Every structure is written in C-alpha cells, then in structure tokens.
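Just so it is clear, none of the values below were taken in a lab; they were calculated from the coordinates. Just so it is clear, the model here is predicted, and its values are computed rather than measured. Every residue, glycine among them, receives a Cβ derived from its backbone with ideal geometry; neighbour counts consider all protein chains shown.
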Amino acid sequence: MNKTSATLLRLYLPASWPGQQTACEWQLLNASGVQLQAGNSEPRHWPAASHCEVLLTAEQCLLTSLDLPKAARARTPEIIGYALEEQLLGDVASEHFVLGNPLPASPARPVTDTATVANTAVWVISRSRLQTLLATLRALGHVPQRLISELQLLPMSHPDHWALCLKPGRGFLRTANEAGCNLDLADDASGKRLALPAELQLMLAAARKAGTQPAAIEIFTAPDLNLDATQIEDWQERLGLPLRLAGAYRWHNLPAQTARNLLTGDFSPPRKTGEGWDVLRPAALLGGLCLLIYSLFSLTEWAWLNHEKNRLQQQMTAQFRSSFPQAQTIVDPPLQMQRLHDQLLRERGQSGAGDFLSLLATASSALPDSSQLRLIAYAANRLELTLTLADNQQLEQLRENLTRRGLDVVIRDSRPASNGHASEALLILRSQP
C-alpha cells in the first residue's frame, strides 16, 4: 500500500511488548475511519501507513486525581509532582504525567475547596516505558502521533453508569470520562469461578461515601472469558446495585478520536509539514477575506479621491481662465492666481500678500509680547525672522498662530539663546497660495 495515502495504523500494545513478545494486534484505517485491514503479527508484517496511533493496555497507565490550583500558571510540574508523591511508590521524576479535565463535583466535597482548587484527572506512565516504546517504533519506521490508554476505549452508555471490562487475569473500571482504575482478577476459593475484584468493592464504597454511587454497572467481557448468569447475580447481591452484561469487548471496534493523547511535553510527536493547517484554515480564510475587502475599499476610496482631485483641479483651472483670460500657460492655478492678484494690487499702489510689508504685518500680529526680534530679512517673497522666545512651547504656539493667519512657516533653526534661559529660532515665512 502506498504510504503517502491517508491511512492510520493503530497498534494495540500489551505490557510485554517488545521485551517478551514482538507480535501485537493492529488495525489499518482509511481517512474516513473505515477498517481496511486487521491482524495480529510481527512488525515486519505491519502494513505501511501515513499515520500511527498506539493503544496501551489499561494496566500500563495510572489514572488518578489531584486537587490542583485552577490557575494555569500555578500548575507547574513541581507542584504536580509534589502532589503525586503520596500516590506513587517510586521517584516522581521517573514518571511522565499528563493533566486531564476537571472531574465532576462531589456532594461530599466542601464548597470552599472549589473556589481556587479543582479535582483534576492525571494520567501517569513510566518515562522509561515511553522511551522504550517510541525508540522501538521509530526504529521500525513508525512514529506515533497519538498514544492513548485502553481505559478510555470502554464505552459508557449513561453518565450514571459505570463500565467494567473483564479479561483473563486483569480488568479495568471506568467511572467517568477520565476516571477509573485497573483491577486484578483471580478465581475464588473454589477455583471455578471469578472472584469479585477487591478494587471494585473499594471504589463502590468510596463512591457511596461521597454520594456518587452509580445506578448500575455495565460489564464487558473479553471473547475468551466466560461469566455465567449465576455469578452475575452473586456479584449483584454483594455489591447492592444492578449489573448488566453489555457484550464482548473488542478494542478495534471502539473509536478513540476523543481519548486523551499522552504524548505531550518531551514526548510530543514531531510536527509534520502542513500539519495543523486544517485548524488554521478558517482563520486564514477569514483574514484573507478581510484583507480583500480592505483592499477593495482602499482602491475604491483612492479612485474616488483621485476623481475629486481632478474635478477640483478642473474647477480651479476654469475659474483661473475666467479671471485671467490673458494667461497662456496654466501649471498651478492657485499659485498663479495669487501672483497675478498680487501684481494687480501692486499696479494700484497696494501691497500683495507676499510683499514685505504684508508679511511683516501678519507676522507682527502673531508675535508674543515676550519675544525679541533679533534679525529680519526679506527676499523672493519670503520673510526671515530671527527671534528670541521664552521656550520651545512658545515657539510651537507661534507657529500655530502664523499658520492660522495664512502663512507657510518653516523653522530653519532652533537652539538655546546665549543667556541660557530662552530659545532662539530662525523662521521663514511665505504667504499661502
């Protein structure tokens, strides 16, 4: 099979793999989740696939719960490791743990505890076990993207029901989405019947004390395990709640898309090229659409402003022609009109807007009383003033006042005055066209 096709190889690995056995059950699915092949064989007979997922038997992971701070910043590895020490026999540093979801509130739990603390599911698995699994699979050419516990495969038909799986020698109990435990199974004193697991009795006693007793327990059995009706009745009487046979347990018939991925932190799988694009695609499309709308709006606005500019230019040109029909060349109508207007004023003995007296009169009316005129010069319709002002703030205020009076203002130079207590500036003034 072509490895580049969208296929998923699911491996069901027992605790004895790969040290004591190398064969395992596997399942090959297509992109739609439809089974293409299934088998139980050595790695050399596994089919090629574009993705790999590992399912560990329930006893390889510990599922517990901790009272942890609700604030994410307070859930440091040190705090979680310290809280786990009481529940682990070995060194916390040798374990890999993954936080799950907050567990349902218990009626027996004090209300004050829930203000800043949440009872949170925690998955624990040996770091050395993970390292061995991943190194072996990589050497075989399979890099798992997900690793999950079999405990989450056990179906729960109702929130008030528990699910119990029984297999030869071992079993496991699921009490909530991320809550449960492993069970040791053994024969009773007669050696002919399966003994009631002690862990199940302890879990049920704790649930009754906390007010979370289930309404019933649904039992799934492995195909090679026999559990007769009389034994179910005996367990039901001893536990004091209904037990229901829910059918055979087959791991490959159960979906695992919503199960907790234990490959986190140091064990996170390498990201493939293009991976995660499906998640980002809606945001990227929305961003592209916004950019397109903004670009269309900007182009439309630019076209409208350009049209208005041309319209106003034509109006000014037409007005200039009507006012000065003798002008042959029109380059800048406002500037040319100002100059011709000044010329007419001079011909009648009046000052134009760009003349020395006009510029000086306009500038003088805006100068603050505390300013001192140090130097004045005039050439080519521009007036240069060297002033001493109180400070730079007064200089900016003067610029605003001159601009409001119809002058173009350029501050050529600004520096502290010789006395060190004022500011000296060179201003160039022109009449606005």
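Relative contact order of the stretch 155-248: 28 percent, from C-alpha pairs under 8 Å at least 6 residues apart in sequence.
For the peptides 293-306, 203-216, what is the packing order when you average, over each peptide's residues, the other Cβ atoms within 10 Å and list the highest mean first? Walk me through the numbers on the way to the answer.
On the way: 293-306: 10.0, 203-216: 14.5.
Peptide ranking by packing, descending: 203-216, 293-306.
When the chain is treated as a GNM with alpha-carbon contacts under 10 Å, the residue of 151, 395, 173 showing the greatest mean-square fluctuation is 395.
Counting Lys and Arg as +1 and Asp and Glu as -1 over every other residue whose Cβ lies under 10 Å from the Cβ of residue 63, the net charge comes to +1.
Got a sec? Charge dipole of the chain, +1 on Cβ for Lys and Arg, -1 for Asp and Glu; which of 141, 203, 90 is way out at the positive end? Of the listed residues, the answer is 141. Among 369, 234, 224, which one shows the biggest mean-square fluctuation in a GNM of the chain, springs joining Cα atoms closer than 10 Å? Judging by the Gaussian network model, the answer is 369. Here residue 70 is the anchor, and the aspartates and glutamates within straight C-alpha reach of less than 15 Å, apart from those fewer than 8 places off in the same chain, are 113.
Each residue, residue 86 and residue 213, gets one label point 7 Å from its Cα in the Cβ direction; the gap between the two is 2.7 nm. Within the listed set 15, 283, 422, the residue fluctuating most in the Gaussian network model of the chain (springs between alpha-carbon atoms under 10 angstrom) is 422.
Taking 41 Å as R0, compute the FRET efficiency from the Cβ-Cβ separation of residue 428 and residue 296 and round it to 0.05.
Values: r = 43 Å, r/R0 = 1.05.
Calculated value: 0.40.
Only Lys, Arg, Asp and Glu carry charge here, each on its Cβ (+1 for the first two, -1 for the last two); on that basis the stretch 1-105 has a dipole of about 540 debye about its Cα centre. Here is how the number arises for the chain: DSSP H runs of 4 or more residues each give -39500 (n - 2.57), the sum is divided by the residue count, and the result at 222 nm is -10000 deg cm²/dmol. Each other residue within a Cβ distance under 10 Å of residue 146 adds +1 if Lys or Arg and -1 if Asp or Glu, for a net charge of +1.
List the aspartates and glutamates whose Cα lies under 13 Å from the Cα of residue 309, skipping any in the same chain that are fewer than 8 positions away. Candidates past the 8-residue exclusion: 301.
Tell me whether the stretch 155-248 comes out rounded, prolate or oblate; compute the Cα gyration tensor, take square roots of the eigenvalues as a ≥ b ≥ c, and use a/c under 1.5 as the rounded threshold. Since a/c reaches 1.5 and a/b is larger than b/c, the shape of the stretch 155-248 is classed as prolate.
Would you work out the relative contact order for the chain, in percent, from Cα pairs under 8 angstrom that are 6 or more residues apart?
On the way: 630 pairs, mean separation 40.4, N = 433.
Reported as a whole number, the value is 9 percent.
Each Lys or Arg adds one and each Asp or Glu subtracts one; over the other residues with Cβ under 12 Å from the Cβ of residue 362, this totals +1. Only one item in [x] 57, 56, 38; [y] 68, 58, 42; [z] 134, 55, 42 matches Cα extents along the principal axes in Å derived from the coordinates shown, and that item is [z]. Here the dipole of the chain is about 1400 debye; that uses its Cα centre as origin and unit charges on the Cβ of Lys and Arg (positive) and Asp and Glu (negative).
Based on the mean of other beta carbon atoms within 10 Å per residue, what is the order of 123-130, 52-59, most packed first? Numbers along the way, then the final one.
Values: 123-130: 16.9, 52-59: 22.5.
Highest mean packing first, the order is 52-59, 123-130.
Distance from the Cα centre of the stretch 143-185 to that of the stretch 352-427, in angstrom? Centre-to-centre distance over Cα atoms comes out at 87 Å.
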